[in-house]
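I have placed the structure first, in the form of structure tokens, so that the comments after it can refer back to it.
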Amino acid sequence: QNVFNNEKGLEFLMRWLILLFMFFGVMINFADKSILGFAAEPIMKEFNLSYLQWGIVGSSFFWLFSIAGVLGGAWSDRIGTKKALSILLFSWTVLQFGAFAISGLPLLILYRVLLGVGEGPHGPISMSQLSKWFHPNSRGLALSIFNGGAIVGAVVFAPLFVVLIEDFGWRGAFASTGILSIVWAVLWMWLGKEKPAKVDWDEPIPTQSKFKWSDVSSTIFSRSCLLSLFLGFSAFGGLAWTSVFQPLYFGQILGLTNKQIGLASVAVGVGGLIISIVILRFSDYLFKKSQSYYTSRVVVGGISLIVAALGYLLSTIAQSNLLILGLFVLSAGCVATIVSIVPQIMIKLFPSRRGFGISLGTSFQNIAGIIGPIVIGLLINLAGPNKVLGFHYALFYIAGLMLLAGLLFILFCRPDDTVAEAAHPTENAVSL
């Protein structure tokens, strides 16, 4: 029977339309984040900024990002993900056009803080939306495609950003992403749908009841949850590097031209996306066979972060630009895998509060966005005129954190056991 002529077929098409919307939404989100890195040279020159000041600018985006993410996730559970996403995308348009009012460092920081508030809830709300439409067996693929939009927005648009910044200035380039936001929001309000009429898997659909701390507090402080948060925090150090400092590294350390910086960023993004999809498909395969979150998500996620750390470490001793680029591609792909692994574990831990659970995970990750750019900027400054050594210090910091998190995650994170204990607290208390 023709797929267009039955209810199940239409639902299948809507599922992939929803994923397409989420892909382009996160693409715009990360374009907003990463365009700052490509505008680093002209902004630093215009406002006479040091590396530490530039690190503060990069950090400021995340000052309220995490708080906004947690509150926004809980808010979306109450009003619905479709409405919440519409409001967020409209707000981005207003903020990006506000870039024309920036005349100095204080206003630049204020702009980034406000943009962080507007974009903080987007990732968790989008993942919550996807979790309503995709079976747990296929969420790894769905989230890898979703996070592919982040990579496209962060780096594949790089050549376009370079041209826009050169031709229209960095303010005009910022405003261009605001146009994309409003187009997305209008189409989403017209075509988007909150959730399917019914699902064919046994899993709670997120509630829209009043949020209660007592419902989530014990899970938040469980070992599995805390280690998942630390894993995401450590992985985000790599994303902070990519979006804020990697273009500077390509230009000032590797000696690439603006055009080459854009192409190198595309290579990191596309290569990383492919690696991430392959790893996550393998993770889905393991889950289908074992139905174990430890085997399919924890082991895969921990090993991925360890490999990412080794890639960054080896880049500091590599002797050719091509090899360094290849190592960055490997690390970027492994880091992108973590961005998809952590939300799946948070969904497992908070099945009826997905918006809150995912936002808790992603928002805690983004605390690294506050700390990372400042630490990196400080480390580069500490090396004085030896910029190569300063950037290597930064890579050592990122890699060390990743190694520690990956090892602890594999050794001690057990989300399957945590959920079982939460479901039968009395039995477990007696057995103890």
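Only the coordinates and a few stated rules stand behind these numbers; no lab work does. Treat the numbers as computed from the prediction; the structure is a model and nothing was measured. All Cβ positions, glycine included, derive from the backbone under ideal geometry; neighbour counts span all protein chains shown.
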Ordering of 165-172, 213-220 by packing [mean C-beta count within 10 Å, highest first]
165-172, 213-220
I need the peptides 71-83, 237-249 ranked by packing, meaning the mean over residues of other C-beta atoms within 10 angstrom, with the highest value on top.
237-249, 71-83
Calculate one ³J(HN,Hα) per residue across segment 188-193 by plugging θ = phi - 60° into the Karplus curve 6.51 cos²θ - 1.76 cosθ + 1.60, and present them in order as whole Hz with x for glycine and proline.
5, 4, 7, 9, x, 9
When every alpha-carbon pair in segment 34-140 is counted, what percent end up more than 20 Å apart?
48 percent
If each residue of separation counts as 0.36 nm, what is the full-extension length gain between Thr257 and Tyr285 once their alpha-carbon separation is subtracted?
5.9 nm
Using only the alpha carbons of segment 330-377, determine the length spanned along each of the three principal axes and report them from longest to shortest in whole angstroms.
40, 24, 11
Over the chain, with a single point scatterer placed on each C-alpha, what log10 of the ratio I(q)/I(0) does the Debye formula yield at q = 0.06, 0.09, 0.14 1/Å?
-0.23, -0.53, -1.29
Go through 12-21, 223-232, 177-186 and give me the packing order, highest mean Cβ count within 10 Å leading.
223-232, 177-186, 12-21
Compactness of segment 78-126 - radius of gyration and Dmax, Cα, Å:
12.4, 39
D (µm²/s, integer) via Stokes-Einstein for segment 217-292, Kirkwood Rh across alpha-carbon pairs, 37 °C, 0.692 mPa s: value 214 µm²/s
Whole-Hz ³J(HN,Hα) from phi, Karplus 6.51 cos²θ - 1.76 cosθ + 1.60, for segment 157-169, glycine and proline x
6, 3, x, 5, 4, 4, 5, 4, 5, 5, 8, 10, x
Explain nothing, just compute: Karplus ³J(HN,Hα) = 6.51 cos²θ - 1.76 cosθ + 1.60, θ = phi - 60°, for every residue of segment 98-109 in order, whole Hz, x for Gly and Pro.
x, 4, 5, 8, 6, 10, x, 4, x, 6, 4, 5
Measure up Lys33/Lys348; Lys195/Lys289; Lys82/Lys132; Lys83/Lys195 against 23 Å on the Cα-Cα distance and list the ones that go over.
Lys33/Lys348; Lys195/Lys289
